[in-house]
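Asks: Dumping the structure here so I can ask a few things about it.
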Amino acid sequence: MSQYSRNQGGPRDYSSPHIRVRGAADYRRYSGERLRLPNERQLIGPRLKRMISGLAVLAILGGIGVAVYFGVTELLEDDSPAVVTEPATDAAASEDGAAEDGAAEQSAADSAAEPAATPPETAEAQSQEQESPAAESAEQDRQAAPEQGAAVAQEQQAETTAGSVQQQSTEMSIPVSEIQPTVVDMAVVPAQIDGAEIAAERVTAEPIPSGIPRQLGDGAAYDPTEPATVFTSRWPVGTTLRLTRLPGATLLTDEEQAAVVGTEALVVVRGTEASNTDLQLSPAAFDLIAVYGTERIIAVSVEVTAPPPQ
């Protein structure tokens, strides 16, 4: 194989894709590039760089052109002459002056047409009209004064009565531990029991767990053997309740149910205690309408028979 290429127009390609021969002219023309085989593709990197460089130059030139355009436009707008509006202002001022002159002439004519002095009768009538509202307001104040005095007297009397009733109730109040169950002759109203219900068809009750200390509403110690003690937050302390046992004792025999269903017990609310049921009875009170030790929760109906003593 000769050192120089026999083909003056360029390199000579052989049938094999892995062989490419270049002459001296090829090396002089492509001295900065490496030899590529016929089946190799040109690299994309150099072309991409050249394209990005061209786009950047175009963008810079475009930005400069836009800036020059807007700058020239602003300079032309600043050099434009200002609009003269003085003639219109002068015309408006002349119109206002003419209108003021016409108003002055009209007012002078009106004042000349009016009489020089008001007759005495007209002056008296005007003075009476001005005095009449003041006289009416004074009369209304005199009429309202007795009513206001009566209202104040009633308020003072009501406050005095309330204070005396509160003092009497304080003097007549007795310890909760000494209140005994009672049944009053007159019907109890909700106002006597702080708006609580007079009767409840079905509430739940449970015995107070043994060994847990409790304190009554007056600070006395709780006695489990007292058969009229109940703790609840549905009725005020000191209220007497009649409890009636309802059916539904699944843990009892037929004989035990017949013995307890329908029984009644009078109890007194001696304290408030949060629990899972509506009522918490002392073991002695619970044993009156249930089988203590066998039953845990029972259902009863409640009726208020006496309000808290005053």
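FYI, it's all coordinate maths here, none of it is from the lab. Worth saying up front: this structure is predicted, and the values here are computed from it rather than measured. Quick reminder, even Gly has a Cβ in these numbers, built from the backbone with ideal geometry, and neighbours come from all protein chains shown.
Asks: For the stretch 190-306, what's the relative contact order in percent, using C-alpha pairs closer than 8 Å and at least 6 residues apart?
Replies: It comes to 44 percent, rounded to a whole number.
Asks: Find how much the distance from Asp185 to Ala56 grows on full extension, using 0.36 nm per residue of separation minus their present alpha carbon separation; answer in nm with one decimal. Before the final figure, lay out each step's value.
Replies: Details: separation 129, 0.36 × 129 = 46.44 nm, distance 10.72 nm.
Between Asp185 and Ala56, full extension yields 35.7 nm more.
Asks: Would you calculate the separation in nanometres between label points at Ile198 and Leu251, each defined as 7 Å from the Cα along the Cα-to-beta-carbon direction?
Replies: With each label point 7 Å from Cα toward Cβ, the separation is 3.5 nm.
Asks: Can I ask one more? Show me the trypsin sites (Lys or Arg not before Pro) within the stretch 226-310 that DSSP assigns to loop and that have at most 12 other Cβ atoms within 10 Å of their Cβ. Please report the intermediate quantities before stating the final value.
Replies: Working: sites: Arg234, Arg242, Arg245, Arg270, Arg296; in loops: Arg234, Arg296.
Those satisfying the criteria are Arg296.
Asks: Using a basic spin-label model with each label point 7 Å from the Cα along Cα→Cβ, how many nm lie between Arg296 and Phe70?
Replies: 8.3
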